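See structure below.
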Amino acid sequence: MKPTEQNNSSGERKLSRRAFLRYSALGGSAAFLAACVPAGAPTGGAAPTSAGEAPAAGAPKQGGTMVWLGHQEVAGLSPDDTGPDVQSVLIYNIHNPLVYYNEFNELELVLADSYEVAEDGLTYTFQLKKGVKFHDGVELTAKDVQYTYDYYRNPDNGAVNAGDFTNIAAVETPDDYTVVVKMSDINAASLSTWASFPIVQSAYHAEVGEATYRTAPIGTGAYKLKEWRAAEFTELEAFEDHFRGRPNIDVIRLEVVPEPSVRTIALQTGDADATVWPLLVEDSLALAQDPNFVVLKALGNSIKHFPLNNSLPQLADKRVRQAMMHALNREQIVADLWQGAASVAHSNIPPSSFYYNAMLTQYPYDVDKANSLLDEAGWMPGADGIREKDGVRLAFTITTITGDQARRPIAELAQQMLKEVGVEVQLAEAPVASILEGLRAGTMESSIFNWTYNTGAIEPDAFSTLHSTGGNNFNQFKNEEMDRLLEEGLKTVAPEARKVIYDRVQEIFVEEAPCLYLQFDEWLNVFSSRVKGLPVDPKASTVWFYRAHEWWLE
Amino acid sequence: MLRYITVRLFHGAVVILLISILTFVIMRMMPGDPVYLLMGEGQVRITEEQIQAIRARWGLDKSYPEQYLIWVGNMATGNFGESIIRTGVPVREMIFEAIPVTAQLNLYSMILALLISTPMGIWAAVKRNSAVDYTSSVISVVGIATPNFWLSLMLIIIFSLLLRWLPPFGLRSWQGFILPVAVLAVEQLAIFTRVMRSSTIEALKQDYVRTATAKGLPRTTVILRHAVRNALLPLVTVIGFNIAFLLSGTIVIETVFALPGIGRLFTDAVFRLDYQVVQSLVVVLAVLVVVANLVTDLVYAFVDPRIRLSR
Amino acid sequence: MAVTTSSAPLTAPAAASKHRSEWQNAWRRFSANRVALVGLAMLTIIILMAVFAPVIAPYDPINDMDTAMRGCPPSSAHWFGCDHLGRDLLSRVIFGARIALIAGIGATIISVTIGVIVGALAGFLGGWTDAILSRIVDTLMSFPIIALLIVLAAVLGPSLVTTVVVIGVTVWSRYARVVRADVMSLRERDFIVAAYASGVRSWRIIWRHLVPNVMGPVIVLASLGIGSIIILEAALSFLGLGVRPPTPSWGAILADGRAYILRYPHISFFPGVMIVLTVLAFNFVGDGLRDALDPKE
């Protein structure tokens, strides 16, 4: 039987790739996506209890301006500009995708009325809604979808997100409202990647070109662009003929405020209603106690970790890495430095995911075990207390992102903890670009950030981070069995079969400890309490903003 | 005089050239690759061809000397290149959008600083080595040594959060200018006061002043009419130099107050390896400084008859 | 300071003794200046603090970390409170004096050396040497220093040495300017002309006669300049381009406190105060030196 939807076991959800906000540049904190917060998930320490409040009574009011705060400039508003940044929330209000994984981790149909996936997983058929208008009044047809997919997957166009369209062979439009996507090979992550890609007005895009398009986009979304001043603010205004109805709030204004403390102040003075990225954890928790604010909380999907360059002689032996895992008191890190708003990680996949393997070995804080592992591996303490072997010192450098005030303290604490077992850590700072390049090329030794070692709570694929040829294999991790498993996992569609594969993936991950994995952060978003219509008990984080058309202001 | 001007212009041109080379070299020395940053940290499986395609788009695949020449040639014709981060946006647009903000900040703060430091410097010079003198010295030093981000944040907390008198960021209304201008002015007090003070002291020692006093003119007249006029000249030179601080002074302030000026543009561009923006910005500023210095030199030349009357 | 006010060439011993008494006069003038003495006293305290830091500091500035005490406010156990990692702020600030002084004095020595050499050469030799060197000086002065600092530090990687070197090689231009101007005016003086005429070689003239005569204004500038170098070091550390954590420098502590300014405002407050006091001290001393060495009183 041809399944008309993916098999839905509890928790087997896919999240839109766009929905991932990875912590990249200055000033952010915490990770992003979430999955269902499981009943037994260890949350450690005090966590804010005021989750999204249900808007009590009151019908939605029309009008008003909502101010969002972003920490970085809005570089562009094309679908290719989405990523770990501020503008994604704007792009998804200007455009719509065919489907996407919403804040409850359910696959939601947006422009698609229905869809079908062939049994062999090589053909996707979408029926589009009729009468959907673009901002310029033109009606959405299958041609727009075809144009969008074909344009951005074409390597000649140099789209940064071209990798989303892996294995697409052809996009066909048998009629005005049907889109058929043919794959050359199975891409199990399809629905969360290319199927969640925003659709552009093809005639307009073809006419003006991508460079102009990103400064003046035309989509089907509930809001259209009013004014774009990249480093200052971006204003969107309500689109009267939006297919889901005119949104309640008239104007959405995203202000760029790089300084985190000033964002907190702006919320408190009422100059802003929401921040796109979380504030400093202490500030979020403090505002959670304030009745003027509502704090939405969701367990993150990315692991805060120290990637380790496995190709270095001092980091090549897995016993060394395991020893360091034992040497880190992760409970202390979560409790003291993250105010308990995180949970210690025991796998590369968050506990809320269907694929989470609960039977994995854990690394309790155990300095003796760490020392004995290092002794066993042949690293003996030198004169200055730092271990060495064959003339190599057990030392490496952790390079934090310049201005990353939220995570650097963790590196500083880890430095002390590792010193206890004779490992010397030097700290340095560098811009994000340098770190990314250094890690990808293998010239940098270690850093600290949040990353997913899976594509989402729904999608367990970890190809780009754990496969030896992965583009984000910061650890220079090379494990044949892992490679084989990951390749197989991408081709397998049935969740039960996948679970077996990814269980083993997690086992290898834990056993080899290619990175020092710490915790899954809680993603805390502060909203002014005058914003109504916010989700109740959401599971995924920044996708909340994609629902802005349903909010209203009191 | 003409020769003087020509020589100075030539010098200026050489300086600009040297600056362009210096900037280019330094930017290329920075570790990191802007292409990777563009890729973001997404689960992108980007192929080598795609990377090359992006590179080719920005001419990053050419040799360094080639890139330099292309860049210089373009700048001469007003094409400052395109931003990598704000993909495709012409750098010239970005710079010209940002300059008015910083220029206004600097102008207002300079005026404010001059309004305060001119009388303060004169007073300090007249009442040399008295309590007034030392107090003004302390005030100026405190002004320049206090970390400006701290001062900015404190002012925001006081005037925005606690008193709700002023907006916490941005320039949506004229009130948004008040705090950043105040902080910038405080920083410039030190240099202006010091210059005013020392040049007034120098002027007061001159013979014509003693003559005027001997002639029986009231002290205030002497000071104001004779001494101050001559004391103002060095101040002009200093203002010329201050243009170089157009950038450095505002980096932190623009970040804290969320003002879209060139200080912020610069730091963002440096850290995100947006080559064209950094290079162009530095060169534009250098040109401004050179021009400003040239103008002040010319003013001096006019005033100083020895230069004016030379061939 | 113009030691020789007359144009008659002095014999060496006579010159030396006149030299010495000038210094004594200068010292007398300096010590009569109360504010300068206050500055000197402050400086002494700061220097002592830096030198005897391990003895004075109540806690280890790096290893005594108690993350549960993160950001604790000033108390009797921690006079300045704790920083964002639970380390004693007072101890860190005390050790920070070391970095400030090392950076300030180190960078000043480098920049004065380069500046004096370049300025003397340019001023004395004139011609093409002057033209080229002057253009280089102009270039450096027109280049936004912060830009240069940021980029150089990012290229060389942050560390104390980088900071000192980077600041040193970017600020020498202000000394070069002054030295060049002074040398050019001294060049025409009789005693120099006489020395040149009697066959004394250029470098000797520069070294023996010119440099000592320009050192006066240079010293004044330098003492005032140390203050601005300390501020520059703080700015660099603040941008993450200074010393590496966990080394305490005032700028680094300032940066630490930036994110927590609403929660733990004391973290940024104390290093800021120290910077202001240190710069004030150097300025008092510098002004006192200028007044003391300037006979045109």
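The values are calculated or read from the model by the stated rules, or taken from the named source; none is laboratory data. Note that this is a predicted model, so its numbers are computed, not measured. Neighbour counts run over all protein chains shown; Cβ positions are idealised from the backbone, glycine included.
A few remarks follow.
- Scanning segment C:136-168 for residues that are in a loop (DSSP other than H, G, I, E, B), within 12 Å of chain B (Cβ to nearest Cβ) and of a type outside the set (F, W, Y) turns up C:P144, C:G157.
- Leading residue by the ranking (nearest to the other protein chains (Cβ to nearest Cβ)) among those in segment B:98-129 that are among the β-branched types (V, I, T) and farther than 20 Å from B:A182 by Cβ: B:I99
- In segment A:156-185, the residues that are farther than 19 Å from A:Y115 by Cβ and away from chain B (no Cβ under 14 Å) reach residues that are of a type outside the set (D, E, K, R) and outside any loop (DSSP other than H, G, I, E, B) with C-beta atoms within less than 7 angstrom, at least six apart or across chains, in these pairs: A:S184/A:A169.
- Considering residues of segment B:253-270 that are touching a Gly at 6+ places or on another chain (Cβ under 8 Å), at the interface with chain A (Cβ under 10 Å from one of its Cβ atoms) and in a helix (DSSP H, G or I) only, the residue farthest from B:L17 (Cα to Cα): B:F257
- Per-region count, segment A:247-288, residues away from chain B (no Cβ under 14 Å) and without any contact (Cβ under 8 Å) to a residue 60 or more places away in the chain: 1
- Enumerated helices (runs of 4 or more DSSP H) restricted to segment C:186-297, each holding at least 3 residues that are within 13 Å of chain A (Cβ to nearest Cβ) and on the phi < 0 side of the Ramachandran plot: C:211-238, C:250-258
- Filter result (in contact (Cβ under 8 Å) with a residue 24 or more places away in the chain, in contact with a Leu (Cβ under 9 Å, 6 or more places away or on another chain) and over 18 Å from A:V320 (Cα atoms)) within segment A:412-433: A:L413, A:E429, A:P431, A:V432
- Every condition in (1) touching a Phe, Trp or Tyr at 6+ places or on another chain (Cβ under 8 Å); (2) surrounded by fewer than 24 Cβ atoms within 10 Å (Cβ to Cβ) holds for A:I508 except the one numbered (1).
- Residue selection: A:V67 fails the criterion of being out of contact with any Phe, Trp or Tyr (no Cβ under 6 Å at 6 or more places or on another chain), at pLDDT below 90 and not acidic (D, E).
- Residue ID - farthest from the chain's Cα centre (by Cα), chosen from residues in segment A:483-527 that are within 30 Å of A:V281 (Cα to Cα) and in a helix (DSSP H, G or I): A:V510
- A single entry from C:P158, C:P144 fulfils the requirement of being in contact with a strand residue (DSSP E or B) (Cβ under 9 Å, 6 or more places away or on another chain) and of a type outside the set (S, T, N, Q): C:P158.
- Every condition in (1) out of contact with any helix residue (DSSP H, G or I) (no Cβ under 6 Å at 6 or more places or on another chain); (2) free of Cβ contacts under 8 Å to residues at least 24 places away in the same chain is met by C:F238 except one, and the failing one is (1).
- Among residues of segment A:306-324 that are β-branched (V, I, T), those with a beta-carbon under 8 Å from a residue that is in a helix (DSSP H, G or I) at least six positions away or on a different chain give the pairs A:V320/A:Q314; A:V320/A:L373; A:V320/A:L374.
- Members of segment B:162-173 found to be buried (at least 17 other Cβ atoms within 10 Å of the Cβ) and either of a type in the set (F, W, Y) or within 11 Å of chain C (Cβ to nearest Cβ) (or both), listed by number: B:F169
- Here segment A:393-413 is the region considered, the condition is being hydrophobic (A, V, I, L, M, F, W, C) and touching a strand residue (DSSP E or B) at 6+ places or on another chain (Cβ under 6 Å), and the residue that is nearest to the other protein chains (Cβ to nearest Cβ) is A:A411.
- Selected residue [out of contact with any Cys (no Cβ under 7 Å at 6 or more places or on another chain), surrounded by fewer than 16 Cβ atoms within 10 Å (Cβ to Cβ), among the hydrophobic types (A, V, I, L, M, F, W, C) and within 14 Å of chain B (Cβ to nearest Cβ)] from A:A441, A:A430: A:A441
- Pairing residues of segment B:149-169 that are more than 12 Å from B:A182 (Cβ to Cβ) with residues that are assigned to a helix (DSSP H, G or I) and among the basic types (K, R), at Cβ distances under 7 Å and at least 6 apart in sequence or on separate chains, gives B:F149/C:R258.
- Flag for C:G71 being assigned to a loop (DSSP other than H, G, I, E, B), in contact (Cβ under 8 Å) with a residue 12 or more places away in the chain and of a type outside the set (V, I, T): yes
- Some residue of segment A:347-368 being in contact with a helix residue (DSSP H, G or I) (Cβ under 9 Å, 6 or more places away or on another chain), among the acidic types (D, E), within 14 Å of another protein chain (Cβ to nearest Cβ) and more than 19 Å from A:Q506 (Cβ to Cβ): no
- Test set (1) within 14 Å of chain A (Cβ to nearest Cβ); (2) surrounded by fewer than 18 Cβ atoms within 10 Å (Cβ to Cβ); (3) more than 21 Å from the chain's Cα centre (by Cα); (4) of a type in the set (A, V, I, L, M, F, W, C) - B:V132 fails condition number: (1)
- Of the listed requirements (1) surrounded by 15 or more Cβ atoms within 10 Å (Cβ to Cβ); (2) modelled with pLDDT of 75 or more, B:E41 misses just one: (2).
- Elements of type strands (runs of 3 or more DSSP E) contained in segment A:336-410, each with 2 or more residues being among the small types (G, A, S) and closer than 30 Å to A:E106 by Cα: A:342-344
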